[in-house]
1. Pull up region 99-117, narrow it to residues that are in contact with a Cys (Cβ under 7 Å, 6 or more places away or on another chain) and not polar (S, T, N, Q), then point me to the one that is nearest to Glu19 (Cα to Cα).
2. Take the conditions surrounded by 11 or more Cβ atoms within 10 Å (Cβ to Cβ), out of contact with any Pro (no Cβ under 6 Å at 6 or more places or on another chain) and of a type in the set (Ser, Thr, Tyr) and apply them to Ser57. Does it pass?
3. Listed residues Thr28, Thr10, Thr58; which is touching a His at 6+ places or on another chain (Cβ under 7 Å) and of a type in the set (S, T, N, Q)?
4. Taking the conditions exactly as written (outside any strand (DSSP E or B), at positive phi and exposed (fewer than 12 other Cβ atoms within 10 Å of the Cβ)), does Gly82 satisfy them or not?
5. Cβ-Cβ distance below 6 Å, separation of 6 or more or different chains: which pairs start in region 8-37 with a residue that is in contact (Cβ under 8 Å) with a residue 40 or more places away in the chain and end on one that is outside any loop (DSSP other than H, G, I, E, B)?
Amino acid sequence: RAEQTAKDHTLPNLLRESEMGIPVGIHTYLKNATEDPGPHLAAFMIFRQEHWYSFSSTGWLDHDWYWWPVFDQLSECGKPLGNATGAPAPTVYTRTYEHCLFVLNCTDPDACTTELHLPVAGKREVKA
């Protein structure tokens, strides 16, 4: 879960695996069918590399999986323009893509927050 990446100590592992280009699959258990997967996907986009996959569901059966509009928006981000950068590390990380910007803020390690700056529908400009 995005809000726990610092507290559960996955943040250093994600950074290292990202730097090494190790293939990764990350499954986020959503609390319920109405929970927005956006914050978890923003955290994923901070670290993702080629052959990284994100899964967000309330379980493992067919009815536990949903198609969210944010999936389509993320497909418009384009390629990353570099790896995650700390500003300041290890509490705030950003990553810029051709058409998107993502922020993971772990200033409070018990409750990391995320920001998604996605393209405006049908345009290749970032909505802040």
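No lab work stands behind these numbers, since they all come straight from the coordinates. Since the structure is predicted, the reported quantities are computational estimates derived from the model, not experimental observations. Cβ: placed from backbone, ideal geometry, glycine included. Neighbour counts: every protein chain shown.
1. Start the filter on region 99-117 by keeping residues that are in contact with a Cys (Cβ under 7 Å, 6 or more places away or on another chain), which leaves 99-100, 104-106, 112, 117.
Add one more test, that the residue is not polar (S, T, N, Q), and what stays is 99-100, 104, 106, 112, 117.
On the way: His99: 22, Cys100: 20, Leu104: 17, Cys106: 19, Cys112: 21, His117: 23 Å.
Residue satisfying both the conditions and the ranking: Leu104.
2. When the stated conditions are applied, Ser57 passes them.
3. Values: Thr10 fails: touching a His at 6+ places or on another chain (Cβ under 7 Å); Thr58 fails: touching a His at 6+ places or on another chain (Cβ under 7 Å).
The conditions single out Thr28.
4. Values: outside any strand (DSSP E or B): yes; at positive phi: yes; exposed (fewer than 12 other Cβ atoms within 10 Å of the Cβ): yes.
Spelling it out, Gly82 is indeed outside any strand (DSSP E or B), at positive phi and exposed (fewer than 12 other Cβ atoms within 10 Å of the Cβ).
5. Final answer for the pair search is Ser18/Phe47.
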